[in-house]
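All remarks here apply to the structure that follows.
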Amino acid sequence: MAAVLSLLMHDSFSMEIVGVAYAVASGAVTSGIGYAIWYSVMPTLKTMHAATVQLSVPIIAALGGVICLDEPLTLRLSLASLAVLGGILLVLLERKAESVPVNGSAVSSCQTNREGA
């Protein structure tokens, strides 16, 4: 769709170096910084925590839009954010509850099931 509209609007197309520089800065540079931070923190997180924390990224982006771009904070956004954060909380609490103390050490229920078989 965007390609078709671009072809239709070709006569009014203009590109300024400042606009291109802003696009590169906002896309490449900030994404690179974000990935550098994420991959530096990643080794300190457990796999399940890392996976569930990634689910919060859309909420962070939406809140960034609300704060920085004056996007409206709607009931729909609020409820969707609460649902996602609630799901993340359930996963994190479930993983914590799965650890069952056996002989003074924490063993996951998967390990106890394998030993019992």
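Within segment 1-24, being at pLDDT below 85 and assigned to a helix (DSSP H, G or I) holds for A2, A3, V4, L5, S6, L7, L8, H10, D11, S12.
Of the residues that make up segment 66-77, is at least one on the phi > 0 side of the Ramachandran plot and not in a helix (DSSP H, G or I)? Looking for residues that are on the phi > 0 side of the Ramachandran plot and not in a helix (DSSP H, G or I), one finds at least one in segment 66-77, hence yes. Scanning segment 58-79 turns up no residue that is under 25 Å from L93 (Cα atoms) and touching a residue at least 40 places away in the same chain (Cβ under 8 Å). Tell me yes or no: at least one residue of segment 4-21 is surrounded by 13 or more Cβ atoms within 10 Å (Cβ to Cβ) and among the aromatic types (F, W, Y). Taking every residue of segment 4-21 in turn, none turns out to be surrounded by 13 or more Cβ atoms within 10 Å (Cβ to Cβ) and among the aromatic types (F, W, Y).
Report, by residue number, each residue of segment 81-92 that is within 16 Å of the chain's Cα centre (by Cα) and free of Cβ contacts under 8 Å to residues at least 12 places away in the same chain. Walk me through how you get there before you give the answer.
Taking segment 81-92 and keeping what is within 16 Å of the chain's Cα centre (by Cα), we get 81-89, 91-92.
Of everything in segment 81-92, those that are within 16 Å of the chain's Cα centre (by Cα) and free of Cβ contacts under 8 Å to residues at least 12 places away in the same chain turn out to be L82, A83, G86, L89.
The values are calculated or read from the model by the stated rules, or taken from the named source; none is laboratory data. All figures in this text were calculated on a predicted structure; none of them were measured in a lab. Cβ coordinates were reconstructed from backbone atoms using ideal geometry, including for glycine residues, and neighbour counts include every protein chain displayed.
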